[in-house]
Amino acid sequence: GDNRSITDQRHDLERLADRHGLQIVAEYEEKVGTSASHIKNHDRPQYDRALAEMGSTYKVLLGWATNRFVRGGMLAMGQLLDVVDNADGRIITTDGVDTAHPGVRTLLAVQSEQDRAYVQASTDAVRRGKEGQRRRGEYQGGSLQYGLLRDKDAEYGVSVDHEAAEVLRR
């Protein structure tokens with residue numbers, strides 16, 4: 001699609017395939033905004049399809065980073081690695097992970113727990129910030145209601161759109 005981050009990731013993955021002499025035979029891309037987080041718990045049909053097709057459609061799963069696959073900790077990572085092992089497959093990522101190397105499974109277990117902790121800490125920080133905004137009566141973000149304008153200089157980050165206010169008064 002038009003998402004620049006995904007376009008850039010695809011470019012990096014094409015270069016990764018070239019470096020390893022691999023041909024890309026299938027692509028698995030979730031809708032923008034689909035999270036691998038254990039907190040969001042989104043359905044991930046493309047991820048499920050990728051796992052189901054490993055060993056038949058392809059043997060090497062390329063990823064931009066391992067945390068693009070899972071952010072749910074060791075259980076989720078272990079499940080992914082079991083699929084890879086059962087298919088006699090391999091994972092290679094642009095951040096240097098290659099499951100063909102010994103000891104990578106242990107490294108990924110630790111890394112997956114760090115990824116999970118990062119997601120939890122980020123979520124907690126956002127919640128704390130939103131709770132503070134609610135307590136102070138501040139604008140919390142998102143779409144503004146008709147009649148309001150973003151205004152970084154206003155006390156709560158929004159001000160009245162006087163033209164819209166006139167329409168509302170009529």
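One line per residue, one yes/no per condition, for (1) of a type outside the set (Asp, Glu); (2) out of contact with any Leu (no Cβ under 8 Å at 6 or more places or on another chain); (3) touching a residue at least 40 places away in the same chain (Cβ under 8 Å):
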position	(1), (2), (3)
Leu108	yes, no, yes
Glu113	no, yes, yes
Asp124	no, yes, no
Gly137	yes, yes, no
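Contact map, segment 159-170: residues that are without any contact (Cβ under 8 Å) to a residue 12 or more places away in the chain paired with residues that are in a strand (DSSP E or B) and open to solvent by less than 100 Å² (accessible area, probe 1.4 Å), Cβ distance under 7 Å, separation 6+ or inter-chain. Pairs shown: Ser159/Leu149.
Name the residue, out of Ala164, Ala109, Ala125, that is hydrophobic (A, V, I, L, M, F, W, C) and either touching a helix residue (DSSP H, G or I) at 6+ places or on another chain (Cβ under 6 Å) or in a loop (DSSP other than H, G, I, E, B) (or both). If you could, list the steps in order and put the result at the bottom.
Working: Ala164 fails: either touching a helix residue (DSSP H, G or I) at 6+ places or on another chain (Cβ under 6 Å) or in a loop (DSSP other than H, G, I, E, B) (or both); Ala125 fails: either touching a helix residue (DSSP H, G or I) at 6+ places or on another chain (Cβ under 6 Å) or in a loop (DSSP other than H, G, I, E, B) (or both).
Within the list Ala164, Ala109, Ala125, the selection yields Ala109.
The single residue among Asp88, Asp98, Asp115 that is open to solvent by 20 Å² or more (accessible area, probe 1.4 Å), more than 18 Å from the chain's Cα centre (by Cα) and under 21 Å from Leu16 (Cβ atoms) turns out to be Asp88. For segment 134-142, the count of residues that are closer than 30 Å to Arg71 by Cβ, part of a helix (DSSP H, G or I) and open to solvent by less than 80 Å² (accessible area, probe 1.4 Å) is zero.
The values are calculated or read from the model by the stated rules, or taken from the named source; none is laboratory data. These figures come from a predicted structure and were not determined experimentally. Virtual Cβ from ideal backbone geometry, glycine too; neighbours counted across all protein chains shown. In case anyone asks, the SASA skips ligands and DNA or RNA and just uses the protein heavy atoms, side chains included. Shrake-Rupley method; radii C 1.70, N 1.55, O 1.52, S 1.80 Å.
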